[in-house]
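I have placed the structure first, in the form of structure tokens, so that the comments after it can refer back to it.
The values are calculated or read from the model by the stated rules, or taken from the named source; none is laboratory data. Keep in mind that what you see is a predicted model, and the values were worked out from it rather than measured. Note that each Cβ is placed from the backbone with ideal geometry, even for glycine, and that neighbours are counted across all protein chains shown.
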Amino acid sequence: MSLKSLGSLFLSFLLVSTAAHAQEGPQVHASLEDRLQAIEKSQAEIYHTLAERQEAGLATRIADRLTLSGLIEVEAFAERFRPEGEPTESGSDMILATAFLALGAEIDDSLSVNVSFLYEQGDTDLEVDEATVDFTSGVWRAKAGQQYLPFGVFNSHFISDPLTLELGETRATALLAGYENELFYLSGFVFNGNADRIGGENHLEDWGLSLALSPTEGISLGGSYLADLADTDAELLGEDDNLWGRRVAAWSAFAILGVGNFELAGEYLGGVRSFRGGVYDGLRPETWNVEGMYAVAENMEVAVRYEGSQDFFDQPENQYGSSVSWSPRDQVSLSVEYLRGTFDNDDRRDLVTAQIAVEF
């Protein structure tokens, strides 16, 4: 059975349909410089999962109620791009992918504040990444401020972001409320997104829901819903001043199975209908990702990935590869990965990336 068939079967388990659309967007070969910048952006993410973001490194206590944590990631990559019917192009670079610092302050047993700062060479100038007030009381949770919203999970063992994250990651100033017990975590959030209706007014009218289940040890699954796909960090309507003719909601579903040293994970994320007007007129962006990981030793793991997209400009239609990660000592990891991507206009890309990461 082919990798594509395996990926399709796994996504069927998630009740996902990724049927092709008849209408496709324009295909234009990006310049080598533009592609290298896009690669830098896709690799300039600190954490792939919300849990990792919330942990924010080691969180060393530097005062009675104050914690400090951080992360440095340095990456080198080489790309070979083969446009259909044109000469092969290649390029390479080394970047400071991530410089991250987070502070947390405990006001009392139920109330805390957290603020993090982020710099990503070639992508993000030094800025406040998140700044929130967090409240916990028994099974209830609440968070207010600038934060990454729980739309999508983006579980990954690779350096490069999965395509699901490229489409779905959403940072906004929001109010989030949740309920958590041993079986599930349910949350909802409201915010004012960047995208608005053509000729409409700007209001606090965007929202979403997220549900994560842990029915038994080693199994996690769930899904999420976002009222407006144009509000994600992908900025799908950026060229149209973030204005839409009709709102396009989005949903995601994921499942993670862990048995012994092995883990299998899959996720789908996409719009519920096609856009109307703008560069995505008649198109419904969709992404999916399937990964398998095996822990060779306590400090080493190998992983494989197969992912794809539909109606998502400048992203591979299909991409697969493998990665190896090794932790020679606490707080330090070395990783290398290879990815081969094919685009819907038959362009092909080979990408090799190496990373050293140190958290503190």
* To do: Would you check which residues across region 276-323 are of a type in the set (Lys, Arg) and either at pLDDT below 95 or within 17 Å of the chain's Cα centre (by Cα) (or both) and list them?
  => Arg276, Arg305
* Asked: Identify, please: which residue in region 63-118 is among the polar types (S, T, N, Q) and either within 28 Å of the chain's Cα centre (by Cα) or surrounded by 18 or more Cβ atoms within 10 Å (Cβ to Cβ) (or both) and is, among those, nearest to Gly145 (Cα to Cα)?
  -> Asn114
* Could you grab me the full set of residues in region 335-360 that are in contact (Cβ under 8 Å) with a residue 60 or more places away in the chain and among the small types (Gly, Ala, Ser)? => Ser335, Ala354, Ala357
* Would you be able to say whether some residue in region 327-346 is more than 30 Å from Leu226 (Cα to Cα), polar (S, T, N, Q) and touching a Leu at 6+ places or on another chain (Cβ under 8 Å)? => yes
* Candidate set: region 276-302, residues that are in a loop (DSSP other than H, G, I, E, B) and of a type in the set (A, V, I, L, M, F, W, C); chosen: the one nearest to Asn155 (Cα to Cα) -> Leu283
* Failed condition for Phe312, given (1) part of a loop (DSSP other than H, G, I, E, B); (2) surrounded by 21 or more Cβ atoms within 10 Å (Cβ to Cβ); (3) free of Cβ contacts under 8 Å to residues at least 40 places away in the same chain -> (3)
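Please indicate, with yes or no, whether at least one residue in region 316-334 is within 19 Å of Phe151 (Cβ to Cβ), crowded, with 19+ Cβ neighbours inside 10 Å and either touching a residue at least 60 places away in the same chain (Cβ under 8 Å) or among the aliphatic types (A, V, I, L, M) (or both).
no
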* To do: Pull up region 122-149, narrow it to residues that are at pLDDT 95 or above and not in a strand (DSSP E or B), then point me to the one that is surrounded by the fewest Cβ atoms within 10 Å (Cβ to Cβ).
  => Gly138
* Looking at region 164-199, which of the residues that are among the hydroxyl-bearing types (Ser, Thr, Tyr) and in a strand (DSSP E or B) is surrounded by the most Cβ atoms within 10 Å (Cβ to Cβ)? -> Ser187
* Asked: Can you name the condition, by its number, that Ser160 falls short on among (1) within 28 Å of Thr98 (Cβ to Cβ); (2) small (Gly, Ala, Ser); (3) at pLDDT below 95?
  -> (3)
* Asked: What number goes with the only condition from (1) surrounded by fewer than 15 Cβ atoms within 10 Å (Cβ to Cβ); (2) under 28 Å from Gly308 (Cβ atoms) that Gly152 does not pass?
  -> (1)
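Take Glu359 and tell me if it is in contact with a His (Cβ under 8 Å, 6 or more places away or on another chain) and among the acidic types (Asp, Glu). Quick ask: steps written out before the conclusion?
Details: in contact with a His (Cβ under 8 Å, 6 or more places away or on another chain): no; among the acidic types (Asp, Glu): yes.
It is false that Glu359 is in contact with a His (Cβ under 8 Å, 6 or more places away or on another chain) and among the acidic types (Asp, Glu).
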* To do: Can you tell me which residue within region 200-241, out of those that are acidic (Asp, Glu), more than 14 Å from Phe275 (Cβ to Cβ) and modelled with pLDDT of 90 or more, is surrounded by the fewest Cβ atoms within 10 Å (Cβ to Cβ)?
  => Glu217
* In region 242-252, which residues are surrounded by fewer than 22 Cβ atoms within 10 Å (Cβ to Cβ) and either touching a Gly at 6+ places or on another chain (Cβ under 6 Å) or modelled with pLDDT of 95 or more (or both)? -> Gly245, Ala249, Trp251
* Asked: So Arg273 fits all but one of (1) touching a strand residue (DSSP E or B) at 6+ places or on another chain (Cβ under 9 Å); (2) at pLDDT 95 or above; (3) not in a strand (DSSP E or B); (4) not hydrophobic (A, V, I, L, M, F, W, C); what number is the exception?
  -> (1)
